[in-house]
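Here the structure is laid out as structure tokens; the discussion comes afterwards.
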Amino acid sequence: MSQTVTILGSGVVGLTVAAELYSCGCDVTVVDPNGAPGPHGCSWWAGGMLAPDCEGEVAEELIVRLGREAAEWWQSMGATLTYQGSVVVALGRDRQELDRFARRTENHKMLSQDELAKIEPYLGERFGRALYMQAEAHLNPRETILGLRTRLDSEGVRFVAEAEPVGQVIDCRGLAAQDSLPELRGVKGEMVILRTKDVTLDRPVRLLHPRFPLYIVPRGDGVFMLGATQIESGERSRATVRSVVELLNAAYALHPAFGEAELLEIGVDARPAFPDNLPRITGKDGTIYVNGLFRHGYLLAPAMARMVGELVVDGKIPEVWHEA
């Protein structure tokens, strides 16, 4: 007989867990009063980079290792992935940062200016060298999460705005779970979406910055997502002028043509994180909590979902398990 599961929350974590458990034969209901994914959730404002090698610069080995599962899983769910790798550059005053980044990461190649110009002509005009992380990919997070929701709905996963939880309850509510996980905190991220026909990029670009990681991700048709600040705050609705100006200045530094870009959106949300910035699967009062993915939602959600499936179906304790 199939196991009955109720999942609370339909962000990227809730949907990946639902997909994994449904594939294991569970009877799955997803409860979310906000309905379909949208601007109310931090999954909507993600960059969509599946870049575990780049994350190795500052993240624990666990993040890099688990993140390497992401691309194959998303592709198996029908997501459209772009496998062009990613590029890391630094302005002249920060050129030593590129060497430091190279020492702390793996699976990359240092490109000369001519080599860079062959794969990204607009960057070759501006930068003397770059790191090329060849094995990385990216996706459009909004298209991906909406597509996954549609797929699960069509296959038989139930989505409701409210219901009394039945069976095994799995809480994937992100920051809303602070009522049960007091260690959880918010890390505010602000981002902008630009449109210009004057710059062409085929892959995500990271511009090394002394204060916070900056990246620009092509979304197609001249649209680019630029992010993201990283501020210790659970505030989820107000972007500051300072942050937006810094992001726009970074785009201009990457290429002056961004100075004429159309500003389409300014987004802000708070990402859920624990004190060590590592994800956890927590058992508390019979409920399983999946949380703390920090800024690695699309990168880590597939591995977290796999571990939840192994726990619920086979009783296997996850390596990120915490007993509250």
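Taking 17 Å as the straight-line reach from the Cα of LYS118, the lysines in range (excluding those fewer than 8 positions away in the same chain) are LYS109. Test of understanding: extend the Cα→C-beta vector of GLN96 to 7 Å, then name every residue of region 103-145 with backbone N under 15 Å from that spot. Counting backbone N atoms under 15 Å from the label point, the list is 103. Relative contact order of the chain: 24 percent, from C-alpha pairs under 8 Å at least 6 residues apart in sequence. Taking a sphere under 9 Å around the Cβ of CYS54 and counting the other residues whose Cβ falls inside, with K and R at +1 and D and E at -1, yields a net charge of -3. If a spin label sat at a point 7 angstrom from the Cα of ARG129 along the line to its beta carbon, the backbone N atoms of region 41-56 nearer than 20 Å would be those of 54.
Residue-wise HN-Hα couplings along region 135-144, as the Karplus relation 6.51 cos²θ - 1.76 cosθ + 1.60 with θ = phi - 60° gives them from phi, are 8, 8, 9, 8, 9, 8, x, 5, 4, 5 Hz; Gly and Pro carry x. Once you reduce region 53-73 and region 115-179 to the center of their Cα atoms, the two points are 14 Å from each other. Extending 7 Å from the Cα toward the beta-carbon at both TYR252 and HIS40 defines two label points whose distance is 3.7 nm.
Using 0.36 nm per residue of separation minus the Cα-Cα distance, give me the extension gain between SER2 and ILE266 in nm, one decimal. Answer, rounded to one decimal: 90.6 nm.
For region 1-43, the residues whose amide N sits under 11 Å from a probe point set 7 Å from the Cα of VAL166 along the beta carbon direction are 4-6, 27-29. Based on C-alpha pairs under 8 angstrom that are at least 6 apart in sequence, region 98-234 has a relative contact order of 19 percent.
Here the relative contact order of region 1-149, from alpha carbon pairs under 8 Å that lie six or more residues apart, stands at 28 percent. Close amide H pairs (under 5 Å, H built 1.01 Å from N) link LEU8 with VAL31, ILE170, ASP171, CYS172, residues at least 5 positions away or on another chain.
Counting charges near SER112 (Lys, Arg +1; Asp, Glu -1) among other residues having Cβ under 11 Å from its Cβ returns a value of +1.
Here, each number is a calculation from the coordinates, and none is a lab measurement. Predicted model, so just to flag it, every value in this text is computed and none were measured. No Cβ is skipped: glycine too gets one built from the backbone with ideal geometry, and neighbour counts run over all protein chains shown.
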